Amino acid sequence: MSSRRLDILKDEIPFHGISPQEQLDRSFGRLKAYLRNEIGRYHPFYRKQFRDLGIRVEDIETYEDFRKIPLTRKDTIVVNQQDFNLSPRYPGEITDRDAEEIDSASMARYKADAVPQYRDVFHLRPEEERIHEQFMLDWRPIHFQMSGGTTGKAIVTGYTQTDLQTRFARSGAWWYALSKHTRADDKWLNLFPAAPHLGIYATMMIPMMEGQPNFNTFGGKVTPTERQVLIAAEDKFTVMVGLPSYILHWLRMAISMKEAGQISGITTFRVAYCGGEPITEAYRSLLKELFFQLGSQSVVVMEGMSSTELRTGGFYECDEGSKLHLDPAYFFTEILDPVTLEPVAPGQPGVFVWSHINWHGTAILRYWTGDYVSGGMLTGTCKSCGNVIPRLGTPIWRAEKDSTKIRGTRIDLVYLIDAVRGSEGVKTFQIIIRKADPADPYSKDFLEIFVAARNNESHQSLIDSVTRTVRRELELSPDAVHIESTEAIETKLFAKKLKAEWVVDTRT
């Protein structure tokens, strides 16, 4: 193991024998050191912001001091992309970057690490060149990922080699070591779609870095779903990872192929990790039922989350319903009221805000994710894994996007989706919110639901089931429920995006 990989185990925050408050204090202590030693010295954007606001990193001692740093929002990063990369100057280097020269202790470490390696096979390079190489490995971004860009221009984040070898690789612990349900001999089937985003890079790169067998399908647009099912039926995959909406589609396709005699079923799956979309208990139960129909009994379905900005391979549950386990060593987390921006009490809902700790490449402080955490921040010992570790109380949805008003009533879309999905007889669906008269912006809101039958339910019984469930769960009546084929609805669901478009609001 390289010295950089060993560094990730030094000066660690423990997950046992520590109180939640002490763990939080140690996380904040690491953050303060990061502000003083790296952000304040090498980060062009925050150096300027701190000067403009009169903030001295040396004076930040308490959380209230830290809150003087403004929230960082996506738009700010987009227009200042390069200035969000830590950019220390190499001794004697002339640059236009607003950053100090690298410290002497780091230079001494680079000199010690500047041993010959593969680039010296044909001739030994000068020591100075090898020292400079170590500096570049530590600070120069060499791998880039892009956000999905669904809310505007995409964010690009850069990873240095030391980021990849240590902080990014550490994410594997949240898959391979956190849960009692995963094993070293597992073989993973990765269904995430091909795109330059974290979803595919994390699920492709981390297994390779950790030596875990992993087959990447790159999604249905690269490897047709039917072909993926045939591949899975011929091999012995035990873990599936992907977008829950695509896993749902994949399982239904596989069950149809089983019923048609194209495969005999798939019995080997034990675990499924879902990321990129909120999971409710009803959604989890549906996925487990479909795995059972395919032939894989008692599959554990766990939820995870990450983002291109966050840069980690993800935070996951250790068991079903155990909530998302965070990493206090490399992230400082806050839950803020979406209106007042004040911190909320533990367990209270609010928006997830985080700051990087000790990351190189792209580094962000107090990032406003826009993710509304309905169960707030949970602390203490997790009953499932026994770790003292902070957890996000799911479900999580977009504070600005995933709630709306329909005929004057505020509706959380995750619960509207759940109500339709949980209606008896529904196989798949799409919800349309529009104006009754599209030409008149002042006409009443019109809630229209398209559903496909699970089995042989009559059209009227299916319409009655959906209407009754939505009215009971949300005190809201659909204006129209239409019956369509599964194929027609799923074509619309994935027509525009990598994720299923369960709700389409045409009013704006």
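Read the figures in this text as sums done on the coordinates, not as results from a lab. From a predicted model like this one, the values you see are computed outputs, not experimental measurements. When we count neighbours, we look across all protein chains shown, and the Cβ atoms used for this are built from the backbone with ideal geometry, even at glycine.
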Query - Rounded tilt (10° steps) of 104-113 against the dominant C-alpha axis of the chain - result: 80 degrees
Query - Projected area averaged over orientations for the range 144-297, convex hull of C-alpha atoms, nm² - result: 9.6 nm²
Report summary line: Straight-line reach check, Lys323, cutoff 25 Å on alpha carbons, 8 or more apart in-chain or any other chain, hits among lysines -> Lys180, Lys187, Lys288, Lys383, Lys401, Lys499
Query raised in the report: Cα-Cα pairs above 15 Å in the range 296-371: how many percent?
Result: 62 percent
Query raised in the report: Each residue of the range 161-170 in order: what ³J(HN,Hα) in whole Hz does its phi give by Karplus 6.51 cos²θ - 1.76 cosθ + 1.60, θ = phi - 60°, with x for Gly and Pro?
Result: 5, 5, 4, 5, 6, 10, 5, 6, 4, 4
Query raised in the report: When ranked by the protection proxy of mean other Cβ atoms within 10 Å per residue, highest first, what sequence do the peptides 153-159, 129-135, 305-311 form?
Result: 305-311, 153-159, 129-135
Query raised in the report: For the range 180-252, what D do you get in µm² per second when you plug the Kirkwood radius from alpha-carbon pairs into Stokes-Einstein at 20 °C and 1.002 mPa s?
Result: 171 µm²/s
Query raised in the report: In nm, to one decimal, how far is the Glu129 label point from the Ile94 one, both placed 7 Å along Cα→Cβ?
Result: 2.4 nm
Report summary line: Nearest 10, in degrees from 0 to 90: the angle of helix 20-34 to the longest Cα principal axis of the chain is 50 degrees
Requested in this report: Would you please put 365-374, 462-471, 68-77 in order of how densely packed they are, using the mean number of other Cβ atoms within 10 angstrom per residue and starting with the highest?
Outcome: 365-374, 462-471, 68-77
Query raised in the report: Relative contact order (percent) for the range 403-505, with alpha-carbon contacts under 8 angstrom and 6 or more residues of separation?
Result: 30 percent
**Report entry** Estimated inter-spin distance, Ser485 and Met136, nm [label 7 Å along Cα→Cβ]
**Finding:** 5.7 nm
**Report entry** Stretch gain in nm, segment Thr409-Gln82, where the contour uses 0.36 nm per residue and the Cα spacing is subtracted
**Finding:** 113.4 nm
Query - Gained length - Glu342 relative to Thr508, 0.36 nm times residue gap less alpha-carbon distance - result: 56.7 nm
Query - Helical contribution to [θ] at 222 nm, DSSP H n ≥ 4, -39,500 (n - 2.57), averaged over the chain, rounded to 500 - result: -9000 deg cm²/dmol
Query raised in the report: Of Val222, Gly54, Gln165, which is farthest on the positive side of the dipole of the chain, counting Cα position, with +1 on Lys and Arg Cβ, -1 on Asp and Glu Cβ, and the Cα centre as origin?
Result: Val222
Query raised in the report: Between Arg67 and Thr223, what is the spin-label point distance in nm, taking each point 7 Å from the Cα along the Cα→C-beta axis?
Result: 4.9 nm
**Report entry** Acute angle (nearest 10 degrees) that the helix 459-474 long axis makes with the longest principal axis of the chain, alpha-carbon atoms
**Finding:** 50 degrees
Query raised in the report: Rg (Å, one decimal) plus Dmax (Å, integer) for the alpha carbons of the chain?
Result: 24.7, 80
Query raised in the report: What is the chain's relative contact order, in percent, from Cα pairs under 8 angstrom and six or more apart in sequence?
Result: 12 percent
Report summary line: Shape descriptors of the range 103-172 over alpha-carbon atoms, Rg and Dmax in angstrom, are 16.0, 50
Query - Cα-derived Rg over Rh, computed across the range 231-356 with Rh taken as Kirkwood radius - result: 1.08
Query raised in the report: Where does the range 403-505 land on the Kirkwood hydrodynamic radius, alpha-carbon pairs, in angstrom?
Result: 13.9 Å
**Report entry** Cα centroid separation - the range 70-125 against the range 17-44, whole Å
**Finding:** 21 Å
Query raised in the report: Can you give me the pair-distance distribution of the range 68-116, C-alpha pairs, 5 Å bins, whole percents?
Result: 4, 16, 17, 17, 16, 12, 11, 6, 2, 0
Query - Evaluated over the range 10-55, the Cα radius of gyration and Dmax, each in Å - result: 14.1, 42
Query raised in the report: Given H placed on each backbone N at 1.01 Å, which residues far from Trp397 in sequence or on other chains put an amide H within less than 5 Å of it?
Result: Tyr372, Ser374
Query raised in the report: If amide H atoms are built 1.01 Å from N in the plane of the peptide, which residues on other chains or at least 5 residues away come under 5 Å of the amide H of Val426?
Result: Arg454
Requested in this report: For the chain, give the share of DSSP beta bridges that are antiparallel, in percent and rounded to the nearest 5; count only bridges with both residues there.
Outcome: 60 percent
Query raised in the report: Given H placed 1.01 Å from N in the peptide plane, which residues other than close sequence neighbours of Glu101 have an amide H under 5 Å from its amide H?
Result: Arg89
Report task. With no solvent and one equal point scatterer per Cα, compute the Debye intensity ratio I(q)/I(0) for the range 217-280 at 0.21, 0.27 Å⁻¹ and report its log10, rounded to two decimals. Result -> -0.88, -1.35
Requested in this report: Nearest 5 is fine: what % of DSSP beta bridges in the range 403-505 come out antiparallel, could you say?
Outcome: 65 percent
Report summary line: Checked against the positive end of the charge dipole of the range 403-505 (+1 on Cβ of Lys and Arg, -1 on Cβ of Asp and Glu, about the Cα centre), the farthest of Ile432, Ala452, Ile483 is Ile432
